[in-house]
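Trainee: Below are the structure tokens for one structure; questions will follow.
The values are calculated or read from the model by the stated rules, or taken from the named source; none is laboratory data. Predicted, not measured: the structure shown is a model, and the values here were computed from it. Because the Cβ atoms are built from the backbone with ideal geometry, glycine has one as well, and the counts that use them run over all protein chains shown. These area figures cover heavy atoms from the full protein model, side chains too; ligands, DNA and RNA do not enter into them. Shrake-Rupley method; radii C 1.70, N 1.55, O 1.52, S 1.80 Å.
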Amino acid sequence: MNVNIRYVNVDISETLNAYTEDKLKKLFNRYEFLISAAVRFKQDPNSHEKGKICDMELSLPGPRIFATSNENQYEAAVKETISDLERQLKKRKEVFKTH
């Protein structure tokens, strides 16, 4: 499991790193064909209600999978992004089963 976490104009948080890696570890255990993950945290200064953005890109055989979410907390953004990625991974796994 190779996870690259970047912070864009946001302070680095070890607890957020641990939380994100824990959630991704479950995903990597469920889908053995995953190679790596690139995570980016950033903040939208124009958004007053939400503005905490989490982008994730998963590397796997075939096209990469990407998801992003904008929530009021980074933990909620991570959870929502992983939920979106899981939906895409289920579809991709069905394609692998047919071959």
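Trainee: Would you work out what percent of the accessible area of the chain, with all protein chains in place, is carbon or sulfur (probe 1.4 Å)?
Mentor: 46
Trainee: What residue among 67, 18, 37 has the largest mean-square fluctuation in a Gaussian network model of the chain, using Cα springs under 10 Å?
Mentor: Comparing 67, 18, 37 in the GNM, the peak value goes to 18.
Trainee: Expressed as a rounded percentage, what relative contact order does the chain have, with Cα pairs under 8 Å and six or more residues apart? Let's see the in-between values first.
Mentor: Details: 146 pairs, mean separation 23.3, N = 99.
The value is 24 percent.
Trainee: Grab the DSSP H runs of the chain that are 4 residues or longer, score each as -39,500 (n - 2.57), total them, divide by all residues and round the 222 nm result to the nearest 500 deg cm²/dmol.
Mentor: -14500 deg cm²/dmol
Trainee: Using a probe radius of 1.4 Å on heavy atoms only, what accessible surface per residue do you get for the chain? Whole Å² is fine.
Mentor: Values: 6280 Å² over 99 residues.
Averaged over the residues of the chain, the accessible area is 63 Å².
Trainee: Could you run the Debye sum over the Cα atoms of the chain, one equal point scatterer each and no solvent, and tell me log10 of I(q)/I(0) at q = 0.15 Å⁻¹, two decimals?
Mentor: -0.58
Trainee: Output the Kirkwood hydrodynamic radius of the stretch 1-50, Cα pairs only, in Å rounded to one decimal.
Mentor: Its Kirkwood hydrodynamic radius stands at 12.3 Å.
Trainee: Going by alpha carbons, how many degrees (0 to 90, nearest 10) lie between the helix axis of 74-98 and the longest principal axis of the chain?
Mentor: 10
Trainee: Can you list which of the chymotrypsin sites (Phe, Trp or Tyr not before Pro) found in the stretch 4-73 are DSSP loop residues with at most 15 other C-beta atoms within 10 Å?
Mentor: Those that pass, being in a loop and sparsely packed, are 33.
Trainee: Please build a GNM for the chain, connecting alpha carbons under 10 Å apart, and tell me which residue among 70, 17, 29 fluctuates the most.
Mentor: The residue with the greatest mean-square fluctuation here is 29.
Trainee: Calculate the translational D of the stretch 31-82 in whole µm² s⁻¹ from Stokes-Einstein, where the hydrodynamic radius comes from the Kirkwood formula applied to all Cα pairs, the temperature is 25 °C and the viscosity 0.890 mPa s. Walk me through the intermediate numbers first.
Mentor: Values: Rh = 11.6 Å.
The Stokes-Einstein estimate is 211 µm²/s.
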